[in-house]
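To keep things clear, I will list the structure first and then write my remarks on it.
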Amino acid sequence: MEKFALTLQSKPAIEQYISENHWMSYERQLMMEILSYIDKGDVEQLAWFAGFGNSYRQILMNVNEYRKGLEFGFTTIAFNQYGWFASPKFLNYEEIEMEKSNIRIGRGPNGLWAYALSINYGVAGSSAPLCVFCKKFPNRNTAMIAAFTELKVAINSKIGSTDRTNYHQDVLVKTLKAITAAEIGLVQLTLF
């Protein structure tokens, strides 16, 4: 990891770093933002960016995660023992079991909701964390409906698979039944 001091004299090093790397759009935008502060002579903003890490890469990733957190209303700036941004904790966090799969759902301080799935097909599966990079929803019910839909699509895509080692048909069917029961329960709750 390269060490550096982000100063008004950093422009040549930043331009070299930009030319030597492949960028995601947010990374390029942040580097251009940093360059604009150098051009303006804004030492205060440069110090703010420098507070997010000890390398360009760490700064870019930490600032991006912080700003994504702002979209959910998280404002705390904190880092773990390795200098990476400490992921904020969602409010009203729940884990909803769907046979062997589960839905994790939570709310940001500004009221926006998100979900993440852990999908288990019997042996194969996938999992993602509930984090600030998840899609935002205006309320719990909308997030739950989207989670049920995504989980159903994933499970249905493996129904009838000839790969019985990874895709256990009994687990898939039980998961679909659990989703249907949860959807009915959600509809009944909205009626009252």
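The values are calculated or read from the model by the stated rules, or taken from the named source; none is laboratory data. Just so you know, these numbers come straight off a predicted model, no measurement behind them. Backbone-built Cβ (ideal geometry, glycine too); neighbour counts: all protein chains shown. Just the protein is used for accessible areas: all its heavy atoms, side chains included, with ligands, DNA and RNA removed. Shrake-Rupley method; radii C 1.70, N 1.55, O 1.52, S 1.80 Å.
Tabulated values for the structure
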| quantity | calculated |
| --- | --- |
| Near pairs, Cβ below 9 angstrom, 6+ apart or cross-chain, from the stretch 165-192 (closer than 15 Å to Ile96 by Cα and modelled with pLDDT of 95 or more) to any residue that is of a type in the set (Val, Ile, Thr) and open to solvent by less than 90 Å² (accessible area, probe 1.4 Å) | Thr175/Ile119; Thr175/Ile155; Leu176/Ile155; Leu176/Ile159; Ile179/Ile155 |
| Any pair with Cβ under 8 angstrom, 6 or more apart, that starts in the stretch 131-156 at a residue that is in contact (Cβ under 8 Å) with a residue 12 or more places away in the chain and more than 19 Å from Lys100 (Cβ to Cβ) and ends at one that is assigned to a helix (DSSP H, G or I) and open to solvent by 70 Å² or more (accessible area, probe 1.4 Å) | Asn141/Thr190 |
| Candidates Glu33, Glu44, filtered to the one that is of a type in the set (D, E, K, R), under 22 Å from Trp84 (Cβ atoms) and either surrounded by fewer than 18 Cβ atoms within 10 Å (Cβ to Cβ) or touching a residue at least 60 places away in the same chain (Cβ under 8 Å) (or both) | Glu33 |
| Every residue from the stretch 110-143 that is open to solvent by less than 70 Å² (accessible area, probe 1.4 Å), of a type outside the set (Gly, Ala, Ser) and under 22 Å from Gly69 (Cβ atoms) | Leu112, Trp113, Tyr115, Leu117, Leu130, Cys131, Val132, Cys134, Phe137, Asn139, Arg140, Thr142 |
| Test: Lys158 is in a loop (DSSP other than H, G, I, E, B), within 30 Å of Phe90 (Cα to Cα) and either small (Gly, Ala, Ser) or open to solvent by 50 Å² or more (accessible area, probe 1.4 Å) (or both) | no |
| Test: residue in the stretch 50-62 that is open to solvent by 30 Å² or more (accessible area, probe 1.4 Å), in contact with a strand residue (DSSP E or B) (Cβ under 9 Å, 6 or more places away or on another chain), part of a strand (DSSP E or B) and without any contact (Cβ under 8 Å) to a residue 40 or more places away in the chain | no |
